[in-house]
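Note sheet for the following structure.
We did not get these values from a lab; they are worked out from the coordinates using the rules stated. Nothing here was measured: the structure is a model prediction, and the numbers come from that model. Here Cβ is always computed from backbone atoms with ideal geometry, including for glycine, and neighbour counts include all displayed protein chains.
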Amino acid sequence: MLSITAEVFGQLLINGLVMGLVYAILASGLVLIMSVTGIFYLCYGGFYLLGAYFVWKMVVGYGWPFGISLVVTMILMDIFGILTYILFFRLLQKRGEFTGYVVGAMGLFVAINQSSLLVFGTVPRRIPVVIPGTLEFSGISITYDKVLLAVLGIAITLILFYFYQKTKVGRAMRAVSFLPEAANLQGINSSSIFTITIGGSCALAAFAGGMVGPSFGVHPQMGENIIMIVIIITLLGGMDSLLGACVAGIMVGLIQSFGQFAVGGLVQVYLFLIIGIVIYFRPTGLFGSRTELSTR
């Protein structure tokens, strides 16, 4: 029978929470895109990948401070995300075909991955340590980089919730998400809200990619690996729920951490099984109200 000490339990809990916060940020961005714009943005993982590589290049190649590199990368990915909408997805929106979104997003994702391989190569990279040292307490150790990742993850999540619930743009996003036609009658420019939503969400993905670099490294497959997990999280939490994205993200992080310790690679099988059971009894996810995306 598998036994676990208090120290191991605490270590697994910390590791799961840290990765869960990363998942929560990524899932929140994807939920915003899907609920507000109706676009199944499969290329989202590419911005996570580019965020990690851009921060690595600025820090290692140009000698920029990590903080400045992260902010600049988020701005660049925000602009890139906006351009993908204006030049590409807005045209698909006019047709209102879900299949077009999927094919277009997959094509863009492949283009981003292949371009990254050509520019950055196939060798895994690592962003230098931001804060050297390890925090140790009660037999549990966590690097200061992971502490920083957790603190910033919580801060970004709280800011995102405040923005979505309390600001004028956030209320406009909720209005467009609920009923775009009625929002337009109230003077809300849906196209502008779509643009802001996609740009901001791509910046969130870049933030997550840049932040995991010092602790988990940078490699060409990270975008492919993350997008499937994030899609699973959005289905579990609900495709239109920020709260669901955060709760489900942390749940998946914990399941992976403890599951990897208990059953190794089989954790992915159990993860899919758990999510399948939840969706069977709750098709809208834990906190969602939709079972499918509506095209805008």
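Please verify whether the range 151-161 includes one or more residues that are under 30 Å from residue 115 (Cα atoms), in contact (Cβ under 8 Å) with a residue 40 or more places away in the chain and more than 22 Å from the chain's Cα centre (by Cα). Show your work before the answer.
The initial filter retains those residues of the range 151-161 that are under 30 Å from residue 115 (Cα atoms), namely 152-153, 156.
From what is left, the residues that are in contact (Cβ under 8 Å) with a residue 40 or more places away in the chain are 152-153, 156.
With more than 22 Å from the chain's Cα centre (by Cα) added as a condition, the list becomes none.
No, because not a single residue in the range 151-161 is under 30 Å from residue 115 (Cα atoms), in contact (Cβ under 8 Å) with a residue 40 or more places away in the chain and more than 22 Å from the chain's Cα centre (by Cα).
Would it be correct to say that residue 38 is on the phi > 0 side of the Ramachandran plot and over 16 Å from the mean Cα position of the chain (by Cα)?
Values: on the phi > 0 side of the Ramachandran plot: yes; over 16 Å from the mean Cα position of the chain (by Cα): yes.
Yes: the conditions hold for residue 38.
Checking residue 224 against (1) touching a residue at least 60 places away in the same chain (Cβ under 8 Å); (2) under 16 Å from the mean Cα position of the chain (by Cα); (3) closer than 29 Å to residue 54 by Cα; (4) crowded, with 17+ Cβ neighbours inside 10 Å: exactly one of these is not met. Which one?
It fails just one condition, (4).
Are any residues in the range 120-146 of a type in the set (Ser, Thr, Tyr), farther than 19 Å from residue 209 by Cβ, exposed (fewer than 13 other Cβ atoms within 10 Å of the Cβ) and touching a residue at least 12 places away in the same chain (Cβ under 8 Å), and if so, which ones?
Taking the range 120-146 as the starting set, the residues that turn out to be of a type in the set (Ser, Thr, Tyr) are 122, 134, 138, 141, 143-144.
Cutting the leftovers down to farther than 19 Å from residue 209 by Cβ gives us 134, 138, 141, 144.
Filter once more, so that each one left must be exposed (fewer than 13 other Cβ atoms within 10 Å of the Cβ): 134, 138.
If the condition is that a residue be of a type in the set (Ser, Thr, Tyr), farther than 19 Å from residue 209 by Cβ, exposed (fewer than 13 other Cβ atoms within 10 Å of the Cβ) and touching a residue at least 12 places away in the same chain (Cβ under 8 Å), then 138 is the only one that fits.
Wholly within the range 36-140, which helices (runs of 4 or more DSSP H) include no fewer than the required count, namely at least 3 residues that are basic (Lys, Arg)?
Where helices (runs of 4 or more DSSP H) fall fully within the range 36-140 and carry at least 3 residues being basic (Lys, Arg), they are 90-95.
Can residue 272 be described as at negative phi, in a helix (DSSP H, G or I), aromatic (Phe, Trp, Tyr) and surrounded by 17 or more Cβ atoms within 10 Å (Cβ to Cβ)? Steps first, please.
On the way: at negative phi: yes; in a helix (DSSP H, G or I): yes; aromatic (Phe, Trp, Tyr): yes; surrounded by 17 or more Cβ atoms within 10 Å (Cβ to Cβ): no.
Considered against the rule, which asks whether it is at negative phi, in a helix (DSSP H, G or I), aromatic (Phe, Trp, Tyr) and surrounded by 17 or more Cβ atoms within 10 Å (Cβ to Cβ), residue 272 comes out as no.
When you look at residue 220, is it outside any helix (DSSP H, G or I) and within 26 Å of residue 122 (Cβ to Cβ), yes or no?
yes
In the range 277-291, is there at least one residue being closer than 17 Å to residue 40 by Cβ, of a type in the set (A, V, I, L, M) and not in a helix (DSSP H, G or I)?
no
Look through the range 40-53, keep the residues that are surrounded by 24 or more Cβ atoms within 10 Å (Cβ to Cβ) and touching a Leu at 6+ places or on another chain (Cβ under 8 Å), and return whichever of them is farthest from residue 66 (Cα to Cα).
41
What residue, of 201, 257, 177, 192, is over 25 Å from residue 85 (Cβ atoms) and outside any loop (DSSP other than H, G, I, E, B)?
257
Which of the following residues is closer than 23 Å to residue 20 by Cα, among the hydroxyl-bearing types (Ser, Thr, Tyr) and in contact with a helix residue (DSSP H, G or I) (Cβ under 7 Å, 6 or more places away or on another chain): 138, 177, 190?
Values: 177 fails: closer than 23 Å to residue 20 by Cα; 190 fails: closer than 23 Å to residue 20 by Cα.
Checking each option against the conditions leaves just 138.
Can you say whether residue 211 is part of a helix (DSSP H, G or I), loosely packed, with under 14 Cβ neighbours inside 10 Å and either of a type outside the set (Gly, Ala, Ser) or out of contact with any strand residue (DSSP E or B) (no Cβ under 7 Å at 6 or more places or on another chain) (or both), as far as the supplied structure shows?
no
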